[in-house]
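First up is the structure itself, then whatever we jot down about it.
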Amino acid sequence: MRETPVTIEGANVSEEIVLERLFGVQGKTVLVTGGSRGIGRAIAEGFVKAGARVYVCGRSAEASDLAAKELSGYGECHSIPAHLGSVAGCRSLAAGLSQRESKLDVLVNNAGSIWAESLADYPESGWDKVFDVNVKGPFFLVQALMPLIESAASPDEPARIINIGSIDAFHVPHHETYAYTSSKAATHQLSRHLAAQLASRHITVNVIAPGLFRSKMLAGTIETLGEEAVLASVPLKRFARPSDMAGAALFLASTAGSFVTGAIVPVDGGHATTL
């Protein structure tokens, strides 16, 4: 690809910027949890196609291996399965990655769980499962991976942590997904807290809050209500696309996003942000 120079002039700066360098992630090492399907798969594919070395992590070794095999058709992708609902699982993943890599430029905490049940019947096991995967897992994975993340960090090019939140942390959905919405709000606040703590170590922490995306979680709702009804409250009248998810992650992981931290980036077509 031919590099395209762009001149940006301001009050105190006139600098030639090469767009591929500004938005590129070539050569970076990236870990995407929950990367075997859905939003995680879309983000992993974006990084692979952009020239990063990507590790996809899923609970199922078979699904992770298949995703890595398919994505390897576009570039370098490896499977590293783990169950991230426990501290032991997070530490096991970190130990396995440490055997292969000396640094980790980008961590994408995408693995997630959801549980829908009436208030009267909502089980403790469902609540715990959702919070274990959505909140406890990302925190303890960051803790376990900190030596690798710090090894990649520098003042000019920080290491990146990108957590996947949800627009359901902004508004109240119609479904009785109490633990899910609460856990995603916790993810947003945890990310801001980590951003403040890790800035001095040259590590940024941001959140992508997806809107309606054609995923396993949403499939039942689409089947029951139909696409038109599901999209009625989305101003841009479409589902989030894989390219929307990948684009947001690539921006936050690139030089262009190196001065962004503690941000919640809604990618929702205006669903939760304009109504």
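The values are calculated or read from the model by the stated rules, or taken from the named source; none is laboratory data. Computed from a prediction, not measured in an experiment: that's the story for all the values here. Using ideal geometry, Cβ is built from the backbone for each residue, glycine included, and neighbour counts are taken over all protein chains shown.
For this structure, a couple of remarks:
- Counted residues, region 199-232 - those being under 16 Å from residue 263 (Cα atoms) and part of a helix (DSSP H, G or I): 1
- Only one of the numbered conditions (1) modelled with pLDDT under 95; (2) under 21 Å from residue 56 (Cβ atoms) is violated by residue 115, and that is (2).
- Where a residue in region 138-158 is of a type in the set (S, T, N, Q) and its partner, wherever it lies, is surrounded by 20 or more Cβ atoms within 10 Å (Cβ to Cβ) and part of a helix (DSSP H, G or I), with Cβ under 8 Å and at least six apart: 143/90
- Residue under evaluation residue 213, criteria (1) of a type in the set (A, V, I, L, M, F, W, C); (2) at pLDDT below 95; (3) in contact with a Pro (Cβ under 9 Å, 6 or more places away or on another chain); (4) surrounded by fewer than 16 Cβ atoms within 10 Å (Cβ to Cβ), criterion not met: (4)
So that you can scan it fast, the table gives a plain yes or no per residue for (1) closer than 21 Å to residue 248 by Cβ; (2) modelled with pLDDT of 95 or more; (3) of a type in the set (Phe, Trp, Tyr); (4) touching a strand residue (DSSP E or B) at 6+ places or on another chain (Cβ under 9 Å):
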site: 9; (1), (2), (3), (4): no, no, no, yes
site: 19; (1), (2), (3), (4): yes, no, no, yes
site: 40; (1), (2), (3), (4): yes, yes, no, yes
site: 53; (1), (2), (3), (4): yes, yes, no, yes
site: 56; (1), (2), (3), (4): yes, yes, no, yes
site: 66; (1), (2), (3), (4): no, yes, no, yes
site: 85; (1), (2), (3), (4): no, yes, no, no
site: 97; (1), (2), (3), (4): no, yes, no, yes
site: 101; (1), (2), (3), (4): no, yes, no, yes
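- Residue in region 136-145 that is under 23 Å from residue 272 (Cα atoms) and not small (Gly, Ala, Ser) present: no
- Contacts under 7 angstrom Cβ, first residue in region 185-210 being in contact (Cβ under 8 Å) with a residue 40 or more places away in the chain, partner outside any loop (DSSP other than H, G, I, E, B) and aromatic (Phe, Trp, Tyr), 6 or more apart: 190/139
- Test: residue in region 240-255 that is part of a loop (DSSP other than H, G, I, E, B) and small (Gly, Ala, Ser): yes
- Among residues of region 228-266 being modelled with pLDDT of 95 or more and of a type in the set (Val, Ile, Thr), the one that is surrounded by the most Cβ atoms within 10 Å (Cβ to Cβ) is 261.
- All positions within region 140-198 that are crowded, with 21+ Cβ neighbours inside 10 Å, out of contact with any helix residue (DSSP H, G or I) (no Cβ under 8 Å at 6 or more places or on another chain) and in a loop (DSSP other than H, G, I, E, B): 158
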